[in-house]
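Here's the structure we're looking at; comments come further down.
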Amino acid sequence: MTNYYKVAEHVFSVTAAESCFSLMGNYEVFAVARGETVFALTIDGDTPPLYTEEWRQTEEGQDIICGKTAEGKPVFAYRWWDETAGWLVCSPDYREGRLILTGQHTKMAIDNALMVLYALVTADRQTVLMHAAAVSHAGKGYLFLGPSGTGKSTHARLWLQHIEGTALVNDDNPIVREGVVYGSPWSGKTPCYRNVSYPLGGIVELSQAPYNRIRPLRGLQAYVALMASISGKRWDARIADGLHQTQNALASTVPVWHLECLPDAEAAQICFEECHTDLTDLTDNCRKRQEVSEKSGGLENL
């Protein structure tokens, strides 16, 4: 059985047994009849692949082990709490993937495999998967960035509680494409799987502090603020260049701020007022910086 899904205008397909699709309720609002796909994932329970480990990432009970088969195919092994959930074996261009399941933590393996393929395939299509919380207000989208534990979800919740007209777009993994933020089928601790999109009104990098203070970021500062929140495999030249181009465009055209804050209503109010009071001026400034950037080659020397 094959189903098709469209996320941020990119279509992908999943071929699997009905038991797998029964775990994929978060994808239902993104389902489409068919379409030209950017990648295809097949899910089964066959023999584990043979591969050589190259590196691994460990965070909050999860291990992602990356390597390659003897034929050079990329492999991602997923483990939670010392139990292997599955192996994602990809074509070199990441347009085809095969997820081999063990029967442990099946849903998490499916979600992670699809996020990896999506992020890597669309990296050179002006699209990035962001590690951020996203809200909407008055027809614009706003992203809150920061390392895990900084308070992205908390700050989004403060906007929902204290800024009338705010709605949650995504709690942890929104998509940004050509200056527009999209909801996605992947979220964080707060389930939020909305098929919506909004032009970006601003991006706010958060850091914890014993006070509330916000300031705009320009040029290189804005570029660096975005880097840690963009998912992707930067040692692959095609992917790294695509991510750089999108990151450069965002830093040059979308207002970016840094908010030092407490987890309180005042922080949300200060952030909201700054985003909206200075939005027109900052947008004009960003447009001017983009014109200068295009003439001078932008941040190409970074």
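The values are calculated or read from the model by the stated rules, or taken from the named source; none is laboratory data. Here the structure is a predicted model, which is why all the values come from computation and not from measurement. Ideal geometry is used to build each Cβ from the backbone, glycine not excepted, and the neighbour counts take in all protein chains shown. Accessible surface is based on the protein model in full, side chains and every heavy atom, while ligands, DNA and RNA are left aside. Shrake-Rupley method; radii C 1.70, N 1.55, O 1.52, S 1.80 Å.
Would it be correct to say that residue 73 is basic (Lys, Arg), farther than 24 Å from residue 187 by Cα and open to solvent by 20 Å² or more (accessible area, probe 1.4 Å)? So residue 73 fits the description; yes. Among all residues of the range 48-55, there is none that is under 24 Å from residue 173 (Cβ atoms) and open to solvent by less than 20 Å² (accessible area, probe 1.4 Å).
The residue of the range 4-47 that is modelled with the lowest pLDDT, among those that are under 23 Å from residue 125 (Cα atoms) and among the small types (Gly, Ala, Ser), is 35. For the residues 299, 206, the requirement of being surrounded by fewer than 20 Cβ atoms within 10 Å (Cβ to Cβ) and either at pLDDT 95 or above or touching a Ser or Thr at 6+ places or on another chain (Cβ under 9 Å) (or both) singles out 299.
Condition check ((1) open to solvent by less than 30 Å² (accessible area, probe 1.4 Å); (2) free of Cβ contacts under 8 Å to residues at least 24 places away in the same chain; (3) under 16 Å from the mean Cα position of the chain (by Cα); (4) under 20 Å from residue 178 (Cα atoms)) across all residues:
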position	(1), (2), (3), (4)
231	no, no, yes, yes
239	yes, no, yes, yes
242	yes, no, yes, yes
250	yes, no, yes, yes
255	yes, no, no, yes
264	no, no, no, no
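Helices (runs of 4 or more DSSP H) fully within the range 150-254 that include at least 1 residues being touching a Pro at 6+ places or on another chain (Cβ under 6 Å): 152-162. Evaluate the following for residue 137: is it at negative phi, under 13 Å from the mean Cα position of the chain (by Cα), open to solvent by 20 Å² or more (accessible area, probe 1.4 Å) and touching a residue at least 40 places away in the same chain (Cβ under 8 Å)? No.
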